[in-house]
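J.: Handing you this structure, nothing more for now.
The values are calculated or read from the model by the stated rules, or taken from the named source; none is laboratory data. All figures in this text were calculated on a predicted structure; none of them were measured in a lab. A quick note on method: Cβ atoms are made from the backbone with ideal geometry, for glycine too, and the neighbour counts reach across all protein chains shown.
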Amino acid sequence: MSEILSGGCLCGDVRYEVRGSPTYVFHCHCSMCRRAGGTAFQTWAGFEDDALTITQGTAEDYKSSSFATRSFCGRCGGQLLYNYTSGQSPSVWVTVGTLDHPEMITPQRHIFSADSVPWVHMVDGLPRTEGDPEL
Ligand SMILES: [Zn+2]
Ligand SMILES: [Zn+2]
């Protein structure tokens, strides 16, 4: 399958495409995703190494841990990507909320569910992992 999904930030400066189907789609409730996105949780779709192409603009990188960077638009601040720098697979994750058609993506699981804010009620029936899913 050679499906291509496109997406971009709020202001439109940074645009990207991902090829193929995501390997994983998670709602992440960790405190880092919460702070980075200013949201209760962040929904991520993980793709194989070479699936991503930045088609317009340049995303800024923030090294958020010893093993990953988060990329965002330097103009509007929109969170776009999570990149593992230490060889994990899938290594490229995109924020599902920045896809042009997020309805094309089907979430699979809640992760870091133990860190969720108490007023988020996970009633979608998806499985939960309390911490890191250890892919
Ligand atoms: Zn932007
Ligand atoms: Zn997270």
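J.: Test each condition in (1) under 16 Å from Tyr84 (Cα atoms); (2) surrounded by fewer than 16 Cβ atoms within 10 Å (Cβ to Cβ); (3) of a type in the set (D, E, K, R) for Glu48 and report the one that comes out false.
T.: The failed condition is (2).
J.: Select from the stretch 1-45 the residues that are under 18 Å from Glu134 (Cα atoms), away from ligand 2 (no atom under 12 Å from the Cβ) and touching a Leu at 6+ places or on another chain (Cβ under 9 Å) and list them in ascending order.
T.: Pro22, Thr23, Tyr24, Ala45 - these are the residues of the stretch 1-45 that are under 18 Å from Glu134 (Cα atoms), away from ligand 2 (no atom under 12 Å from the Cβ) and touching a Leu at 6+ places or on another chain (Cβ under 9 Å).
J.: I've got another one for you. Looking for something in a strand (DSSP E or B) and among the β-branched types (Val, Ile, Thr) - is there at least one such residue anywhere in the stretch 55-63?
T.: Yes, some residue in the stretch 55-63 is in a strand (DSSP E or B) and among the β-branched types (Val, Ile, Thr).
J.: Still on this structure, I have one more. Quick check on Phe72: is it crowded, with 17+ Cβ neighbours inside 10 Å, within 14 Å of ligand 1 (Cβ to nearest atom) and at pLDDT 95 or above?
T.: Yes: the conditions hold for Phe72.
J.: With Arg19, Arg34 as the choices, which residue is basic (Lys, Arg) and surrounded by 16 or more Cβ atoms within 10 Å (Cβ to Cβ)?
T.: Every option except Arg34 fails the conditions.
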